[in-house]
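Below is one structure, written out as C-alpha cells, with a few remarks after it.
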Amino acid sequence: MDEIKTKNGKVVGSWDGKSVTELMSEIKRIKTTLANEGSTDTLVSKEMPHREQLHEDLKDFRAYHLWGCDLSGQCLVGTGANRIESVDKVLSFSLIDHH
C-alpha cells in the first residue's frame, strides 16, 4: 500500500517508495493542506508506507524522526521531514546506541 494516512486514519496522500525526494515533497504538501484546512490531525513518521524498506537495524530507531528510506538507500529524516541522509549515515548514528 502506498497510502499516507494521518494519525486519525484519513488518507491524505501516497508514496511509492522509490524516492525520498518525492516523499519529502508529498509530506510538505500534506502538511500545508492540513494547515490550510485548520486541521489538528498530524502525520506519524513510523506509519509511512514502505516501512519494510528500512534496514533491519533501523526498524526501532528512535534517535530522531525517520520517515522512510527509498530503494537507492536514501532516508528522509528530521521532525520536519526536511533532511535526506544516506542509510549508512543513519545507521552509524544508530549504532552509537541512541535507540
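Each reported figure results from applying straightforward, stated rules to the coordinates on display, with no laboratory input. Please read these numbers as outputs of a predicted model, since none were measured by experiment. Every residue, glycine as well, gets a Cβ built from its backbone with ideal geometry; the counts of neighbours run over all protein chains shown.
In table form, for the structure just shown:
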read-out: Residue-averaged 222 nm ellipticity for the chain, from DSSP H runs of 4+ at -39500 (n - 2.57), nearest 500; value: -8000 deg cm²/dmol
read-out: Amide H contacts of Lys5 (H built 1.01 Å from N, under 5 Å, at least 5 apart or other chain); value: Val12
read-out: Dipole magnitude of the chain about its Cα centre (Cβ charges: Lys, Arg +1; Asp, Glu -1), debye to nearest 20; value: 360
read-out: Those aspartates and glutamates that a straight Cα-Cα span of less than 13 Å connects to Lys89, excepting residues fewer than 8 apart in one chain; value: Asp57
read-out: Degrees between helix 20-36 axis and first principal axis of the chain (Cα, 0 to 90, nearest 10); value: 30
read-out: Straight-distance crosslink candidates among lysines, where the alpha carbon sits under 17 Å from Lys31 and sequence neighbours closer than 8 are dropped; value: Lys5, Lys7, Lys10, Lys46
read-out: Percent of Cα-Cα distances greater than 25 Å, calculated over the chain; value: 16
read-out: Sorted peptide list for 13-20, 67-74, criterion being average Cβ within 10 angstrom, highest first; value: 67-74, 13-20
